[in-house]
Amino acid sequence: MSTVLEALDSGPQGASLAEHAYLLLRDRLIMLDIKPGDPINDGHIAGELGIGRTPVREAIKRLESDHLVVSYPRRGTFATGVDITQLADVSEIRELLEPLAARRAARMAGPNLREELRDIAATIGELEEGKAGQQELMRYDIQVHRLIYKAAANPHLEDVLIRYDNLATRIWCYMLEKMPSVTGHIAEHVDLLNAIADGDEEKAAALALHHVTSFEETVRKVL
């Protein structure tokens with residue numbers, strides 16, 4: 001299965017097989033290409049990826065710590081269910097950390113990253129209503145958040161935020177069919193990305209907070 005995410009997050013050249021397997025499986029899980037409750041068969045995955053079972057098993061252990069898969073003795077490993085009741089807890093953490101990341105990104109990003117932020121903002125700004133599918137829009141959402149976390153230049157903050165953004169994205173993807181469109185949610189990134197690229201820390205932090213709170217409000221409206 002080839003996706004935009006594979007190109008974005010297949011890892012640097014020379015990355016370990018376990019890391020490669022982890023990144024591919026992680027994004028299939030959060031986009032629900034692997035659906036909640038689906039079995040995770042290490043042999044099948046190893047065959048699909050053309051690698052041995054050992055790196056796949058290492059990847060699965062990491063996915064367990066990310067709360068994306070769960071293992072049961074004598075039953076096997078499965079994709080975790082999507083628990084909407086976790087929305088408030090996940091949002092509470094993101095409301096604190098997303099503005100911090102945006103503020104840091106506005107201060108710390110180098111020239112190349114600022115140019116990349118502007119390029120993505122321009123691409124999203126040119127998306128026409130109804131032209132991009134819901135899944136494609138969500139991939140833009142993931143790409144934007146991960147780039148902001150990278151620009152924040154704090155690997156510990158980046159690691160935490162990726163994990164919680166993954167959980168939020170799973171909830172969003174789970175609710176996609178009930179939502180009329182996520183175009184507006186994705187369009188919010190344009191001003192956020194440009195504020196970061198401009199080095200406007202306070203505006204970037206405020207827009208990041210609004211983005212997270214509007215996400216929770218939108219999901220709750222369709223529950």
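The values are calculated or read from the model by the stated rules, or taken from the named source; none is laboratory data. Values in this document were obtained by computation on a predicted structure and should not be read as measured data. Neighbour counts run over all protein chains shown; Cβ positions are idealised from the backbone, glycine included. Accessible surface is based on the protein model in full, side chains and every heavy atom, while ligands, DNA and RNA are left aside. Shrake-Rupley method; radii C 1.70, N 1.55, O 1.52, S 1.80 Å.
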What pairs from Lys35/Lys61; Lys61/Lys221; Lys35/Lys131 go past 29 Å between their alpha carbons? Lys61/Lys221
Largest-first ranking of Asp89, Asp66, Asp83 by accessible area, probe 1.4 Å, whole protein assembly kept, is Asp89, Asp83, Asp66
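With all protein chains present, how much of the accessible area of the chain (probe radius 1.4 Å) comes from carbon and sulfur, to the nearest whole percent?
50
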In square angstrom, what is the accessible area per residue of the stretch 146-192 with a 1.4 angstrom probe? 41
On a 0 to 90 degree scale, rounded to 10, what angle separates helix 111-125 from the longest Cα axis of the chain? 90
I need to check one value: relative contact order of the chain, counting alpha carbon pairs closer than 8 Å and at least 6 residues apart, in percent. 25
Mind putting a number on the dipole of the chain about its Cα centre? Charges go on the C-beta only, +1 for Lys and Arg and -1 for Asp and Glu, and I need it in Debye to the nearest 20. 720
Semi-axes, largest first, in whole Å: what does sqrt of 5 times each Cα gyration tensor eigenvalue give for the chain? 29, 20, 16
